[in-house]
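Colleague: Submitted below is the structure of interest, expressed as structure tokens.
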Amino acid sequence: MIIRARFVAPLAGEPIDDGAVVVEGNKIAGAGRFADMRRSCSGEVLDLGEQILLPGLINAHCHLDYTMLRGKIGPQQSFADWIVAINAAKAALTETDYVESITAGLVEARQYGTTTLLNLEAFPKLLPRLPRPPLRVWWCAEMIDVRKPVDARAVFERLREAFHSHPDWLGGIGLAPHAPYTASSQLYRDASEIARKEGVPFTTHLAESSEEMQMFREARGPVFDFLKSIGRSMEDCGQETPLSLVIRQQTITQDWIVAHLNELDDRDFELLARAPKFHIVHCPRSHRFFGHAPFALQQLRNLGFNICLGTDSLASNSSLSLFAEMRELLRKEVWLAPRDLLETVTIHAAEAIGEENRLGQISPGFHADLIAIPCEAARPNLFEHILAFEQTVSWTMVNGQVVHAA
């Protein structure tokens, strides 16, 4: 199949005017000017007209479980209050509610141009109840052992069995100790070692809020008080920052995917300068919802970290649109080039999940995961036009199959 569009933005090179992408099976076989592709390749032509053809977007941090909590929890007096509020909201949901929530989240993500997600799944046992996801999803079991022990190996084996029982599903599995204030150092070590040996993603939340910083550095604050009240041992508090604690206790590798990293002090940046260059996921609109400290994007980029974007959950966001996340980041970081922003949800995110040779670009041999958005009025900069897009996408292909066409 030859897919023609007014522009092709492959990200493997410069935008192509009157471009085309050749798809053979579930892979991209070529990309270039339509006239050139038509001469060199045979097959059906699908003309998308005045559209911009892009690689599908990759959400590097989301919680599909909580899609139905959109608008249910407003900003709270403290991060601890928000934890209490979401726990109360979750307790009112049934397993059927969660299945419907995950399914609705997948539909919404697709509507906004996402074709791949790294989803932190709090209820892996629900996977057998889900209809076949229309997208690529890496299901990362979110683990918390603050109240009772968790066997990371048992969690992984159950998750692997559930995923492999659906051979037509795209994506994979991974492990996600929630955060150092809810997951023990032993759980981190076990999960990280399993992920390394099995070659699956490892992701976690770290240094998200000022209250997490207060807890670990000063042994005080609302999160400290809340966790102490439910029986967590607080002996690891009052000595160092969350990042310092994890670096001291764990063997961090360049494969780690760390969400947030909002609260850092000068000593933390010294540690990061010497640390393996893991992947960092920033969630701009959720960040604004909570009023976190400014994200140190430029410093972290300068240190060599791979920066990606995610939506977090709809308990702290209004949609699963990565276009909106890019615009929110640009609002704060006006120095960023539009193309660089697009790479945070394509090339950089693909690298984070270990798919840099298969996803995130329109290039021969890559998976045929493509989206199209209307071209409409021409702009001097094609990438500025892409970032300004606020609607749902008009056409989506995943793994060589068209899953949506307006």
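Values in this text are rule-based calculations from the coordinates and carry no lab data. The structure presented is a predicted model; accordingly, all values stated were derived computationally and were not measured. Cβ coordinates were reconstructed from backbone atoms using ideal geometry, including for glycine residues, and neighbour counts include every protein chain displayed.
Colleague: Please report how far the C-alpha centroid of the stretch 349-406 lies from that of the stretch 150-229, rounded to the nearest whole angstrom.
Modeller: So the separation of the two Cα centres works out to 30 Å.
Colleague: Additional query: Could you tell me which of the pairs 125/197; 277/332; 90/197 are separated by over 28 angstrom between their Cα atoms in the structure shown?
Modeller: Where the Cα-Cα span goes over 28 Å, the pairs concerned are 90/197.
Colleague: When the chain is modelled as a GNM with alpha-carbon springs shorter than 10 Å, which of 392, 96, 116 fluctuates the most?
Modeller: Highest fluctuation among the options: 96.
Colleague: Something else about it: Taking amide H atoms as placed 1.01 Å from N in the peptide plane, list the residues 5 or more away in sequence, or in a different chain, whose amide H sits under 5 Å from that of residue 368.
Modeller: Under 5 Å from the amide H of residue 368 lie the amide H atoms of 27, 28, 399, 400, each far enough along the sequence or on another chain.
Colleague: Take the Cα atoms of the chain, find their three principal axes, and give me the spread along each one in whole Å, biggest first.
Modeller: Cα extents, longest axis first: 69, 46, 39 Å.
Colleague: Please work out whether the stretch 295-359 counts as rounded, prolate or oblate from its C-alpha gyration tensor, where a ≥ b ≥ c are the square roots of the eigenvalues and a/c under 1.5 means rounded, while otherwise a/b larger than b/c means prolate and anything else oblate?
Modeller: In terms of gyration-tensor shape, oblate.
Colleague: Now for a different question. Once you list every other residue whose beta carbon is under 11 Å from the beta carbon of residue 328, what net charge do they have if Lys and Arg are +1 and Asp and Glu are -1?
Modeller: +3
Colleague: Relative contact order of the stretch 57-352: what whole-number percent is it, with Cα pairs under 8 angstrom and at least 6 residues apart?
Modeller: 22 percent.
Colleague: Specify the inter-centroid distance of the stretch 58-99 and the stretch 26-43, based on alpha-carbon positions, in whole Å.
Modeller: When both Cα centres are located, 45 Å separates them.
Colleague: How large is ³J(HN,Hα) for each residue in the stretch 61-71, as worked out from phi by the Karplus curve 6.51 cos²θ - 1.76 cosθ + 1.60 (θ = phi - 60°), to whole Hz, x for Gly and Pro?
Modeller: 6, 8, 10, 5, 3, 9, 4, 7, 8, 4, x
Colleague: Could you check what % of the DSSP bridge pairs in the chain are antiparallel, to the nearest 5?
Modeller: 40 percent
Colleague: Something else now. Going by how many other beta carbons lie within 10 Å of each one, how would you line up 112, 181, fewest first?
Modeller: Going from least to most buried by this count: 112, 181.
Colleague: What is the angle, in °, between the Cα long axis of helix 322-332 and the longest principal axis of the Cα atoms in the chain? Nearest 10 is fine, range 0 to 90.
Modeller: 70 degrees
Colleague: Please arrange 1, 213, 397 by counting, for each residue, the other beta carbons lying within 10 Å of its beta carbon, fewest first.
Modeller: Placing the least packed residue first, the sequence is 1, 213, 397.
Colleague: Next question. Could you line up 260, 166, 348, 178 from fewest to most neighbouring Cβ atoms inside 10 Å?
Modeller: 166, 178, 348, 260
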